[in-house]
1. When Gly284 is evaluated against the numbered criteria (1) outside the structural domain of Trp170 (by TED's automatic domain parsing); (2) touching a residue at least 40 places away in the same chain (Cβ under 8 Å), which criterion, by number, is the only one it fails?
2. Given the residues Glu321, Glu316, Glu308, which is the only one that is over 23 Å from Gly160 (Cα atoms), modelled with pLDDT of 95 or more and either in a helix (DSSP H, G or I) or not basic (Lys, Arg) (or both)?
3. Given the conditions (1) over 19 Å from Ala159 (Cα atoms); (2) touching a residue at least 24 places away in the same chain (Cβ under 8 Å); (3) outside any loop (DSSP other than H, G, I, E, B); (4) hydroxyl-bearing (Ser, Thr, Tyr), and given that Tyr222 satisfies all but one, which numbered condition is not satisfied?
4. Within the range 121-136, track down each residue that is in a loop (DSSP other than H, G, I, E, B) and either modelled with pLDDT of 95 or more or surrounded by 15 or more Cβ atoms within 10 Å (Cβ to Cβ) (or both).
5. Take the residues in the range 232-258 that are free of Cβ contacts under 8 Å to residues at least 60 places away in the same chain and not in a loop (DSSP other than H, G, I, E, B); name whichever of them is surrounded by the most Cβ atoms within 10 Å (Cβ to Cβ).
6. Can you find a residue in the range 251-267 that is among the β-branched types (Val, Ile, Thr), under 23 Å from Gly185 (Cβ atoms), in contact with a Phe, Trp or Tyr (Cβ under 7 Å, 6 or more places away or on another chain) and at pLDDT below 95?
7. Which numbered condition trips up Arg336, out of (1) surrounded by fewer than 18 Cβ atoms within 10 Å (Cβ to Cβ); (2) touching a residue at least 60 places away in the same chain (Cβ under 8 Å); (3) closer than 21 Å to Leu167 by Cβ; (4) not hydroxyl-bearing (Ser, Thr, Tyr)?
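The values are calculated or read from the model by the stated rules, or taken from the named source; none is laboratory data. Since we're looking at a predicted model, the values are computed, not measured. As a convention, Cβ positions derive from the backbone with ideal geometry for all residues, glycine included, and neighbour counts pool all protein chains shown.
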Amino acid sequence: MTTVKAYASPSSTENLIPITVERRAVGPHDVLIEIKYAGICHSDIHTVRGDWGPQQYPLVPGHEIAGVVTEIGSAVTRHKVGDRVGVGCMVNSCGECVNCQAGEEQYCLKGNTGTYGAVDRDGTITQGGYSTHVVVTEDFVVTIPEGIELDVAAPLLCAGITTYSPLRHWNAGPGKKVAVVGLGGLGHMAVKLAHAMGAEVTVLSQSLKKQEDGLRLGADHYFATSDPGTFEELASSFDLIINTVSASIDISSYLQLLTLDGALVNVGAPADPLPVNAFALIGGRRSFAGSMIGGIPETQEMLNFCAEYGIGAEIEVIPAEKINDAYERVLASDVRYRFVLDTATL
């Protein structure tokens, strides 16, 4: 085993602190990655603060990992030393169920193994990317193509694939009108990706304060949802709405913005339930759906797509000592649009 530097949450109510954690020895199918950058996701904050259930502490967050392979196991065939690679929100799954066999490991019927806060195959609790190194089985390590810098690539491993997957599944593209609710870490990626796919893109945000950014990132239109007239003007307008916010919103009002057979897909994960008025659904044969990350094949597809179109996250790189400040700024929506930890500062 190897001892590595990390930042961890000691409890649900305390700031993150520097610690050391043990990484398992590199097994036959394992890859040792020297982490260069780790994105800071709103999910990290929800998890370490117990919003989504009790955790075992100390807990090292981080599931947007970009780095370089420094060692491989004897049976590894997918990666070699020196490769630029990434790890997202999961590090294992059963590999046997129908979903895993279809390359949809995120929906493993036995439950995928999360990059942190999950029970690993050896019975230990996984520890995430706010650290200098990580050991991951080769099947859950993806290649970061040349043309994408590692710092802007890190958030693609969660924010990128979380928005790419529903856009692909619901066929965003030329002739489709796509709305993105919220222009944050997830939302800004949804705008970039939907625009690159050829869709007509509209941002629905509480105010117009990020309008200039939204249009620069690829939106064709930008509306403030705090204006009651917005919902009247845009009624029955969109084929697809991607809701990226992690707060409770009036889902039924947004459903009214869908065309016949349109879909509203929730990728944000608020702590509280989202009630839905059934008449908002049945009145237009509309769908209210959910989507999480993509499987490993789709994650690699997303990275290749981003390399082809020159897409990376909009980031602010921070040293480890600023992690707790970054958490507070995320909660205050004071980041454009993703904090990325420089792990060389751990």
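1. Gly284 satisfies every listed condition except (1).
2. Result of the check over Glu321, Glu316, Glu308: Glu321.
3. (2)
4. Step one: list which residues in the range 121-136 are in a loop (DSSP other than H, G, I, E, B), which gives 121-124, 126-130, 132.
Thr126, Gln127, Gly128, Gly129, Tyr130, Thr132 - these are the residues of the range 121-136 that are in a loop (DSSP other than H, G, I, E, B) and either modelled with pLDDT of 95 or more or surrounded by 15 or more Cβ atoms within 10 Å (Cβ to Cβ) (or both).
5. Filtering first and then ranking leaves Leu258.
6. yes
7. (3)
Rundown of residues vs (1) closer than 22 Å to Gln101 by Cα; (2) among the acidic types (Asp, Glu), yes/no style:
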position	(1), (2)
Ala280	no, no
Phe288	no, no
Ile296	yes, no
Gln300	yes, no
Glu308	no, yes
